[in-house]
Amino acid sequence: MLLGLIPSIVVNAVLPVIGFGQLTGRGWSPTSALIATSVFPIAATLFSLARSRTLDGLGVVSLALIAVGIAGTLLSGNPRFGLVKESVLTGAFGCVFAASLLFPRPLAFFFGRQFATGGDPARVAEWNAYWIYPQFRHVQYTITVVWAAALLAEAAIRVVLVLLLPVGTMVWLSQVIFYAVLISVMVWMFSYVGRARGRAAAAGVDVI
């Protein structure tokens, strides 16, 4: 999964940052440069949708947020709109994770099931059956809480920094913060699940 982030980092962070620096160095305004470099995530999202041949909800939302950011930037002349929109998506996901704690099963349960079973009916049924174990439920709730807190904190920090720091700084710093938080939480999650699995095995419970 971590290696799978490399294309995303290149398209959403490296290329836009390089493009922004090149364009502003040639006399483009930060507003124009930020709008122009949005072509990289737009092209990547459209390519992903075309390759999968399905209307992916996340891809559609990403395109909608990019469009809103560009429109807000054009109407206001302030490139910070284009930077804030990135935190809207992570903040929204943080809210979804937090809200799922109020439902019978938290969001981590469903993401974990998809990752662990690959959609195989027999393995899905086995995963669903794990819910009877308190250890398994505790792990799912803990992962959901951590993701919710991390995403909401990341979004809040980036919004504040976008308002305080120069646009040129936030073009690269925003991406550094996002991927640092994302990778850190993923590394913690896999480590936490590994430890939880070890404790469950020691207790004679083959779950998680």
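Some observations on this one:
- Computed 3J(HN,Hα) for region 74-81, one whole-Hz value per residue from the Karplus formula 6.51 cos²θ - 1.76 cosθ + 1.60 where θ = phi - 60°, is 5, 6, 9, x, 10, x, 5, 4, glycine and proline marked x.
- Computed with a 1.4 Å probe over protein heavy atoms only, the accessible surface of the chain comes to 55 Å² per residue.
- Take every Cα pair under 8 Å whose residues are at least 6 apart in sequence, average their separation, divide by the length of the chain, and the relative contact order is 21 percent.
- Cα gyration tensor, region 123-207 - rounded (a/c under 1.5), prolate or oblate: prolate
- Thr142 paired with Tyr179, simple spin-label distance in nm, labels 7 Å along Cα-to-beta-carbon: 2.9 nm
- Computing Cα extents along the principal axes in Å directly from the structure and comparing it against [x] 48, 44, 30; [y] 46, 38, 26; [z] 66, 38, 29 singles out [z].
- Whether region 79-182 is rounded, prolate or oblate, judged on the alpha carbon gyration tensor where a/c under 1.5 counts as rounded: prolate
- Only DSSP H runs of four or more residues enter the estimate; each adds -39500 (n - 2.57), and after division by the residues of the chain the mean residue ellipticity at 222 nm equals -26500 deg cm²/dmol.
- The C-alpha atoms of the chain define a longest principal axis, and helix 134-164 lies at about 10 degrees to it.
- Within the chain, longest stretch clear of exposed trypsin sites (Lys or Arg not before Pro) (DSSP loop, no more than 10 other Cβ within 10 Å): 54-208
The values are calculated or read from the model by the stated rules, or taken from the named source; none is laboratory data. For clarity, every value in this text was computed on a predicted model and none was experimentally measured. Note that each Cβ is placed from the backbone with ideal geometry, even for glycine, and that neighbours are counted across all protein chains shown. Remember, those area values only see protein heavy atoms, side chains included, never the ligands or the DNA or RNA. Shrake-Rupley method; radii C 1.70, N 1.55, O 1.52, S 1.80 Å.
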